[in-house]
Amino acid sequence: MLSWLWGRRRAAAPARGAPEVLAEAFAHHQAGRLADAQAGYQAVLALDQRNFDAVNLLGVIALQSARPGDAAELFSRAVDISPQNAAAHNNLGEAYRRLGRYEEAIASLGRALACNAEYAEAHFNLGGALRRLGRTEEAREAFSRAATLKPAFTEAHLRLGETLNALGRAEEAIVALRAALELAPDLAEAHGSLGSALRDAGRLDEALVSCQRAVALKPDSALAHLNAGNVLRDKGFHDEAIASYRTATTLDTDFAEAHNNLGNALRDRHRLDEALASFERALQLNPGLAEAWLNVGSVFCRLRRFAEAAEVLRGLVARKPGFADAHLELGNALMAMGEQAAALASYREALTHDPESAVARWSLAMSQLPAVAATVADQERARDNFAAELVELERWCESRGAETTARAVAVQQPFYLAYLEGDHRELLSRYGRLCSKLMGAWQSAAGIEAPARITRAEIRIGIVSAHIHDHSVWNAIVKGWLSRIDRSRFDVRLFHLGVANDAETALAKTLATHYSYGRTDWREWAPLILGHQPDVLIYPEIAMDPTTAKLASLRLAPVQAAAWGHPLTSGLPSIDYFLSAEALEPPAGAEHYTERLVRLPGLGVCLEPQKIAPRDVDLAALGIRDGVPLLVCAGMPFKYTPRHDAVLIEIARRVGECQFAFFTPQPPELAQRMRHRLERSFADVGLDFAAFGVWVPWQDRASFHGLLSQADVYLDTIGFSGFNSALQAIDCGLPVVAWEGRFLRGRLASGILRHMKLDQLVADATAQYVEIAVKLARDAAYWGEVRERMIASRDGLYGDAEPVRALERFLEDAIRK
């Protein structure tokens, strides 16, 4: 904000008419004829070298002509001529501000205010310089002072509102911005800033009205379209947000923030390659845009390119050490790679810079459990550490608001607890109570009432799952239930929380009364599900998806049940029943759940054969030797615990020359950590793991079946069994060795085998497991006998509708109760 003041201090008019020349030049200046004005001012200086007005106004022209360096030189001369002139110091400060010399600007503006403390424009310019230096609270004081001194100063109210919003004081910002709009009702920038403040206050409908008003007033404003896109994205209108951001980038192709936010909206739609391109464009335009670097790291994480994510994020925190969100995302990438200690350090660093980050606090507690532990002692310590951190998390959440803590619930879950030995009911009960308490507080604050039973002809069932596609949960559990349920008595509605969409998804749509898809936020899903008024909600796999876990922590139906897509109690008091199976549960299974256990007959599901044609696989190309027993170990790396390395070692000793085939999933770092541990374990007993273990790239299903068809033994994982993988081995006629654990999660393959009357393949002790594996690997006649029995009995696994009939009876009974 410049001062055009003149006539304040002039030398006595020379005889050659300097005052007249100055007045004529100033008239040109006011009329916008800058060249004529400049010539006139220079003519005055030819007559009077120390004419303050001519020097000062030449400085004004220099700033108007985007020559701040020349302006600063001229204003310095003006200050030298009139040291007590507040306008000269103000103008010099503004020139320094435009040059980016903010400390010098603040000093000059301070001198202006020393000359005239009531100088509103100087307070305003001081606020702008302070804001650029990040001294936001001081900037607020300066803008507030300007607006108080000059109540009709529209821009002062505008900048005050924007600064208040930057300080997180959205409601005060709204007041200031409305004051600006009272002075200038058609000021598009003020409407846009008001929309941003309303958005930050959570008043999204009002925010959208303001942002759309800004667009209507100034349709060629890229910023107006950006602000509208931000609100549309928050409201879940992702396609509309994408359109707004694209308009912003079209109007201003060099608008880095618009490209960045377009990437965010594309990421919401899981269009990850397009999102990455938008973030990279933003960084081409502004390499210092920290948010874009963070978003690149986030997309790499979603693409499971965790090592690249970690590299980007490490670079970001090196450049901006106080960026809490970057430390948080780096922790996520490191945790996914199994670098637990480094991940925990990153979460703690995030909390150092943002102690109120509920997401970082939650992640720190959940990440006490390692993906791939190095030793048994590490696993035992992990459980104790998780228990202790859970107590601290409860205390931390007690003093925080419902919205803040609800955002954090289940961003990470104690997923890896399932792979530790022991009964975790009490620990998960504590975790579940916390989740339900926090989500329940949000539900109450949001005014979402718990549902009541509505009497109708049919029972309305909602199935809430992130995996309504070709996935183990769909294939093993949901598909068979949905295919066989009596549609004359049950109205089934699918709520697909995930992003994958394939032929199985298309089939699911034909089997359901209603199908919902495409929402990305639990705050959208909760009222949508509640609006369908389900009698029963079934969550097939609560612990495998954050949005699912958040919703399961709420009460959205009179009856709510979990199933064994993740075969462990949810611990949630909001879940009433756990749907399991007679063949999979131990006699005392009910003691392992906070929910009421429901044992459906047999395997509890109605399976259909996959009918996959095996693809020819070149075993030699995969590093698999010909002529030696091949034992397939197809579990994910986190299923292999250090406690059971000795089982593989003993099998290797007993069989002699053989190969264990492991598979490398994404991220590959977990497999690498497991391989290194096995190398140490084998070396400790004088064996070379490389002589026994081979790591095979992750295979598509047809290739996996091709490999299974050429193998000799399938070794089920101990402690956390495999269901779908065991079925695939059986389909390929490959004998399975299964361990029957103490809990459901350790009895999935053994339950299948016992259901097939193949009890001789089931072990409940280490020596027995080793004995079965060795006999199958070395005794060809026995292997052939087992294979024949397996092939003869496997058809009995499929098409069993009795579990579905039992499920129907359970649902009717649960509703009556």
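The values are calculated or read from the model by the stated rules, or taken from the named source; none is laboratory data. As the structure is a prediction and not an experimental result, all values here were calculated from the model. Positions of Cβ are generated from backbone atoms using ideal geometry, with glycine treated the same way; all protein chains shown enter the neighbour counts. These accessible areas exclude ligands, DNA and RNA; they are computed on the full protein's heavy atoms, side chains included. Shrake-Rupley method; radii C 1.70, N 1.55, O 1.52, S 1.80 Å.
Tabulated values for the structure
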item: Accessible surface, the chain, averaged per residue in Å² (probe 1.4 Å); result: 40
item: For region 182-199, 3J(HN,Hα) per residue [Karplus equation, 6.51 cos²θ - 1.76 cosθ + 1.60, θ = phi - 60°, Hz, x = Gly/Pro]; result: 5, 7, 9, x, 9, 7, 4, 4, 5, 4, x, 5, 4, x, 5, 5, 4, 4
item: Length gained when the stretch residue 391-residue 446 is fully extended (0.36 nm per residue, less Cα-Cα span); result: 17.1 nm
item: Computed FRET value (nearest 0.05) for residue 375 with residue 117, which takes r as the C-beta separation and R₀ as 56 Å; result: 0.20
item: Cα shape, region 750-794, gyration tensor, a/c 1.5 rule; result: oblate
item: Dipole-positive endmost among 265, 27, 127 within the chain (Cβ charges, Cα centre); result: 27
item: Portion, in percent, of the accessible area of region 187-342 that falls on carbon or sulfur, probe 1.4 Å; result: 49
item: Residues in region 343-386 that a label on residue 426 would reach, taking backbone N under 18 Å of a point 7 Å out along Cα→Cβ; result: 380-386
item: Other-chain or far-sequence residues with amide H under 5 Å of residue 600's (modelled H); result: 580, 581, 582
item: Overall form of region 443-513 per C-alpha gyration tensor (a/c, 1.5; a/b vs b/c); result: oblate
item: Other-chain or far-sequence residues with amide H under 5 Å of residue 537's (modelled H); result: 462, 559, 560, 561
item: Sites matching chymotrypsin sites (Phe, Trp or Tyr not before Pro) across region 337-401 that sit in DSSP coil, with at most 14 neighbouring C-beta atoms within 10 Å; result: none
item: Extension reserve of the residue 148-residue 209 stretch, reckoned as 0.36 nm per residue once the Cα distance is removed; result: 19.1 nm
item: Distance between region 744-817 and region 676-699 - C-alpha centres, whole angstrom; result: 29
item: Length released on extending from residue 352 to residue 20, taking residue separation times 0.36 nm less the Cα-Cα span; result: 113.0 nm
item: Amide H within-cut-off set for residue 566, under 5 Å, with H built and near neighbours excluded; result: 542, 543
item: Directionally averaged projected area (convex hull, Cα atoms, region 575-654), nm²; result: 9.6
item: Carbon/sulfur fraction of accessible area - region 717-785, other protein chains in place, 1.4 Å, %; result: 50
item: Solvent exposure, largest accessible area first (probe 1.4 Å, DNA, RNA and ligands not counted), of 479, 218; result: 218, 479
item: Computed FRET value (nearest 0.05) for residue 486 with residue 789, which takes r as the C-beta separation and R₀ as 41 Å; result: 0.70
item: Surrounding net charge for residue 360, when Lys and Arg each add one and Asp and Glu each subtract one, Cβ distance under 14 Å; result: -3
item: Exposure rule at most 15 other beta-carbon atoms within 10 Å, DSSP loop GluC sites (Glu not before Pro): the chain longest free segment; result: 119-355
item: Centre separation in Å (Cα based) which lies between region 176-202 and region 488-540; result: 39
item: For the chain: rounded, prolate or oblate by the Cα gyration tensor [a/c cutoff 1.5]; result: prolate
item: Of all accessible heavy-atom area on region 568-626, the percent that carbon and sulfur account for (1.4 Å); result: 50
item: Accessible-area ranking of 337, 636, largest first, probe 1.4 Å; result: 636, 337
item: For region 231-243, Karplus couplings with θ = phi - 60° (6.51, -1.76, 1.60), whole Hz, Gly/Pro x; result: 6, 4, 5, 4, 7, x, 8, 5, 5, 5, 5, 4, 4
item: Karplus 3J(HN,Hα) series, Hz, for region 476-486 with 6.51 cos²θ - 1.76 cosθ + 1.60 (x for Gly, Pro); result: 7, 10, 6, 4, x, 4, 5, 6, 10, 5, 6
